[in-house]
There are 2 protein chains.
Amino acid sequence: MGRTPSNRPTLARVAERAGVSVSTASLAFSGSGPITPETRDKVFAAATDLGYTGPNPLGRQLRRGRSGIVGVVIGDHPGRAFRDPVAVQVLDGLVDVLGTEGLGVLLIPGVDLGEDTVDPLLETAAMDVAVLVWGVLTDDPTLAALQRRSVPVVVGEGRAVEGSPLVELEDRAGAAEAVRHLVGLGHTRIAEISLPFGRGERSGPVDAERLACADRTPTAHRMAGIRDVVDPVITWETPASLVEHGRDAATEILGTWVPADERPTAIVAHSDLLAAGAVIAARELGLRIPEDVSVAGFDGLDLPWLSPDVLTSVHQPLRDKGMKLGQAAIDLIAGREPTSVSLPVGLVPGTTTGPAPAR
Amino acid sequence: MGRTPSNRPTLARVAERAGVSVSTASLAFSGSGPITPETRDKVFAAATDLGYTGPNPLGRQLRRGRSGIVGVVIGDHPGRAFRDPVAVQVLDGLVDVLGTEGLGVLLIPGVDLGEDTVDPLLETAAMDVAVLVWGVLTDDPTLAALQRRSVPVVVGEGRAVEGSPLVELEDRAGAAEAVRHLVGLGHTRIAEISLPFGRGERSGPVDAERLACADRTPTAHRMAGIRDVVDPVITWETPASLVEHGRDAATEILGTWVPADERPTAIVAHSDLLAAGAVIAARELGLRIPEDVSVAGFDGLDLPWLSPDVLTSVHQPLRDKGMKLGQAAIDLIAGREPTSVSLPVGLVPGTTTGPAPAR
DNA sequence: CGGTGTCATCGAATCGATTTGACCATGCCG
DNA sequence: CGGCATGGTCAAATCGATTCGATGACACCG
């Protein structure tokens, strides 16, 4: 029995005070259903008397069988996930769209706690649908936990999941376009700075064996797109899409890795943050951009602090992607069959790419 | 009656199948209470047979009277709020601490929809407690909505609210310390770039009348701290803590506002992002840092892209602040009396401040 | 052998709402 | 005036779990 008496007024108490039945009082609040204005006013008056501020969401949710909550699994600690402007813009679109339907976003850290242990929220929190924003790995414990609970899932960016809508970007085509741009400018020695591969964070040059491990998307897609056009002279793996990692990688690639006359003349990075780090590294090494080295990114972020350089980048509709994810979630809740979509991307040239140096 | 039959197994069905009572089955899952291992196994076996994956959170929540959800009101559209690294770090600490208690974070846009209309989530979503991360304004409609529903509130950074714990930083002392540092270096013409004042975003120089409108914290506190030491020769208001706004402000302050021989020799900004913008503006104007102009910020962010400059800044324990907010929320839920705290800050000198130019 | 205590299990109340179908006045029509 | 809609109101079932107090079995002790 209720340990705590919880003297909060309930709909029943309001009804009693208004001299009507509970069902009538409910009708007054829900707005739907026939009710005379006088009765409604009577109920509202009783409610304000008692300090009742509307139906208890918990009761309503149980009855309805819906929580009105969308679980959003962010692939990492929030502190890391949100440091990435890409993540932030997607989330923005997502929250916006869900808000129009009165749905709330519950943040769920998707961090792997080791040995297939996942965040308890995945196991116990109430949610009508979950959105896996950063794609899924093979044998993803996060996905497994949700499927066990038969929570419908929307997957962003990555491997398709049986029965779940997928929202992705044309990563492969975009990456190919960026490299084609560089090749068109005469570059032949092109280095690649890549996003994380999957489980197990590493940084450093990548050999053929490691190359086969690229599990995470969009990494794998962007790698494929680049290789559709040219084979990079080197691929440098990074542990996260952060400026400092791009800087470290480019410092090695441009500085110590090979003699200056074999130095790559262009760098294509899997993300704008990595590319920005490469620009900074080049500056620090006294290299001119784009005269000595060209840098292309991916994401189409607005990076005012890179001034006066403007990054050449593959623009992607991030906010739109978030909105599509949200729409898919809404469709799933409504029982509609959502469709997978692939959003277009496009190269936007900036000032960081130019003709290859004459040698 | 249930329109949708919802063929999901329930605890009752599991109990029936296991040949025990519902209460016993509940005991088996909750883990608390005496129960023989055989009975427990019988229940679990029946559960796996039926594909039952644990108690429905909605039923549990209603019974318990707790949703296990903490509403976090972010002061703006998430797209803007999360672009601020300060916000992100606080949120990170918050999510972390709440996660240890199995509590989830529900994101609530605190954006003002005009005429005292707030996000519907504030009115209807289930939450055990709300955290107002970015402080409250006077007559904050957000706060009003929560109080109407008698949702307990934790306030971060700002005006204290009757009956709610407050977690803040020693903004005033920190700002004073930064300015004292500049004065100690011989600076006398110090300009201030300020965070937004409150309702109604503006940008530009501030006169005495506008100065009195500073409603939002920490703006007001940092302004006070600065004035504890010196009166700025000019205060420039910005609409948000973003690099581009700092850049715009500093371009005006250092470039066109006064003749070069009256130019301020130092800029103190209310945030690191604004300060970084000022550094970039100075570079663009061909001014050397710190020889021609010194720049001090506030937040203690790690800004690798500002390389080779390292910002002089007032360091604040952001993640820790998030954790303290979370702890206060946990205390409130548990019925404990949480205490307000004020976290210490400290100046960390970088390379962007130096002796005032000889004139 | 009766009394007492322990322990696993169960029955029933409860959390706070929504929703359906029944019910009872009306009002209208023929 | 009887029959039939119409429309507002209500009683009761239901959502899915938790938890209290009762029950019965069993062992132990005097």
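The values are calculated or read from the model by the stated rules, or taken from the named source; none is laboratory data. Note that this is a predicted model, so its numbers are computed, not measured. Note that we place each Cβ from the backbone using ideal geometry, even for glycine, and neighbour counts take in every protein chain shown.
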> (1) near DNA strand D (Cβ under 8 Å from one of its atoms); (2) in contact (Cβ under 8 Å) with a residue 12 or more places away in the chain; (3) within 13 Å of chain A (Cβ to nearest Cβ): which one isn't true of B:Arg13, the others all being true?
Replying inline: (3)
> Could you say which residue among A:Ala250, A:Ala278 is closer than 23 Å to A:Phe197 by Cβ, part of a helix (DSSP H, G or I) and over 25 Å from the mean Cα position of the chain (by Cα)?
Replying inline: A:Ala250
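In region B:56-88, what count of residues is obtained for those that are more than 16 Å from DNA strand D (Cβ to nearest atom) and either within 23 Å of B:Leu143 (Cα to Cα) or modelled with pLDDT of 90 or more (or both)?
Of region B:56-88, the ones more than 16 Å from DNA strand D (Cβ to nearest atom) are B:69-88.
If we keep only those that are either within 23 Å of B:Leu143 (Cα to Cα) or modelled with pLDDT of 90 or more (or both) as well, we get B:69-82, B:84, B:86-88.
Of the residues in region B:56-88, 18 are more than 16 Å from DNA strand D (Cβ to nearest atom) and either within 23 Å of B:Leu143 (Cα to Cα) or modelled with pLDDT of 90 or more (or both).
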> Among strands (runs of 3 or more DSSP E) lying entirely in region B:119-170, which contain 1 or more residues that are touching a Leu at 6+ places or on another chain (Cβ under 7 Å) and closer than 22 Å to B:Ala224 by Cα?
Replying inline: B:153-156, B:166-169
>> I need the full set of residues from region A:16-44 which are near DNA strand D (Cβ under 8 Å from one of its atoms) and within 14 Å of chain B (Cβ to nearest Cβ), in order please.
In response: A:Ser23
> What about B:Ser342, is it within 25 Å of B:Val268 (Cα to Cα) and either at pLDDT below 95 or among the aromatic types (Phe, Trp, Tyr) (or both)?
Replying inline: yes
> In region B:98-131, how many are touching a residue at least 40 places away in the same chain (Cβ under 8 Å) and within 12 Å of another protein chain (Cβ to nearest Cβ)?
Replying inline: 9
>> I'd like to know if region A:220-232 contains one or more residues that are surrounded by 21 or more Cβ atoms within 10 Å (Cβ to Cβ) and touching a Ser or Thr at 6+ places or on another chain (Cβ under 8 Å).
In response: yes
>> Please pick out the residue among A:Asp92, A:Asp49, A:Asp41 that is over 25 Å from A:Val118 (Cβ atoms) and assigned by TED's automatic domain parsing to the domain that holds A:Leu132.
In response: A:Asp92
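Any residue in region B:200-214 that is of a type outside the set (A, V, I, L, M, F, W, C) and touching a Leu at 6+ places or on another chain (Cβ under 8 Å)?
Residues of region B:200-214 that are of a type outside the set (A, V, I, L, M, F, W, C), as a first pass: B:200-205, B:207, B:209-210.
Narrowing the set further to residues that are touching a Leu at 6+ places or on another chain (Cβ under 8 Å) leaves none.
Looking through region B:200-214, none of the residues is of a type outside the set (A, V, I, L, M, F, W, C) and touching a Leu at 6+ places or on another chain (Cβ under 8 Å).
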>> Being over 30 Å from B:Val72 (Cα atoms) and crowded, with 22+ Cβ neighbours inside 10 Å is true for just one of B:Ser307, B:Ser313, B:Ser294. Which residue is that?
In response: B:Ser294
> If you go through region A:161-173 one residue at a time, do you hit one that is under 21 Å from A:Glu101 (Cβ atoms), touching a helix residue (DSSP H, G or I) at 6+ places or on another chain (Cβ under 7 Å), more than 14 Å from chain B (Cβ to nearest Cβ) and not aliphatic (A, V, I, L, M)?
Replying inline: yes
>> If B:Ala126 satisfies all but one of (1) at pLDDT below 95; (2) within 16 Å of DNA strand D (Cβ to nearest atom), what's the number of the condition it fails?
In response: (1)
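Scan region B:212-247 residue by residue and report those that are outside any loop (DSSP other than H, G, I, E, B), in contact with a strand residue (DSSP E or B) (Cβ under 7 Å, 6 or more places away or on another chain) and away from chain A (no Cβ under 14 Å).
Taking region B:212-247 as the starting set, the residues that turn out to be outside any loop (DSSP other than H, G, I, E, B) are B:219-227, B:234-237, B:243-247.
Among the residues that remain, those that are also in contact with a strand residue (DSSP E or B) (Cβ under 7 Å, 6 or more places away or on another chain) are: B:219, B:222-223, B:226, B:234-237, B:246.
Scanning region B:212-247 gives B:Thr219, B:Arg222, B:Met223, B:Ile226, B:Ile234, B:Thr235, B:Trp236, B:Glu237.
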> Yes or no: B:Gly198 more than 20 Å from B:Ala249 (Cβ to Cβ) and either surrounded by 20 or more Cβ atoms within 10 Å (Cβ to Cβ) or of a type outside the set (Phe, Trp, Tyr) (or both)?
Replying inline: no
> Just checking, how many residues over region B:2-42 are surrounded by 12 or more Cβ atoms within 10 Å (Cβ to Cβ), near DNA strand C (Cβ under 9 Å from one of its atoms) and either of a type outside the set (Ser, Thr, Tyr) or within 28 Å of A:Arg66 (Cβ to Cβ) (or both)?
Replying inline: 11
>> Can you report the number of residues in region B:253-275 which are out of contact with any Asp or Glu (no Cβ under 7 Å at 6 or more places or on another chain) and part of a loop (DSSP other than H, G, I, E, B)?
In response: 7
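Do we find that A:Ala47 is over 24 Å from B:Leu58 (Cα atoms), within 14 Å of chain B (Cβ to nearest Cβ) and either modelled with pLDDT under 95 or outside any loop (DSSP other than H, G, I, E, B) (or both) in this structure? Write out each step before concluding.
Details: over 24 Å from B:Leu58 (Cα atoms): yes; within 14 Å of chain B (Cβ to nearest Cβ): yes; either modelled with pLDDT under 95 or outside any loop (DSSP other than H, G, I, E, B) (or both): yes.
Yes.
Is it fair to say B:Ala328 is modelled with pLDDT of 95 or more and farther than 30 Å from B:Arg263 by Cβ?
Numbers: modelled with pLDDT of 95 or more: yes; farther than 30 Å from B:Arg263 by Cβ: yes.
In short, yes.
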>> Restricting to region A:294-312, name every residue that is within 14 Å of chain B (Cβ to nearest Cβ) and in contact with a Gly (Cβ under 8 Å, 6 or more places away or on another chain).
In response: A:Pro304, A:Trp305, A:Asp309, A:Val310, A:Leu311
> Is region A:54-69 home to any residue that is at negative phi, more than 9 Å from chain B (Cβ to nearest Cβ) and either surrounded by 18 or more Cβ atoms within 10 Å (Cβ to Cβ) or outside any helix (DSSP H, G or I) (or both)?
Replying inline: no
> Quick one: which of A:Ala208, A:Ala281, A:Ala260 is touching a helix residue (DSSP H, G or I) at 6+ places or on another chain (Cβ under 6 Å) and either within 14 Å of chain B (Cβ to nearest Cβ) or at pLDDT below 95 (or both)?
Replying inline: A:Ala281
>> I'd like the residue in region A:89-117 that is crowded, with 22+ Cβ neighbours inside 10 Å, over 17 Å from A:Ala328 (Cβ atoms) and in contact with a Pro (Cβ under 7 Å, 6 or more places away or on another chain) and, out of all such residues, is modelled with the highest pLDDT.
In response: A:Leu107
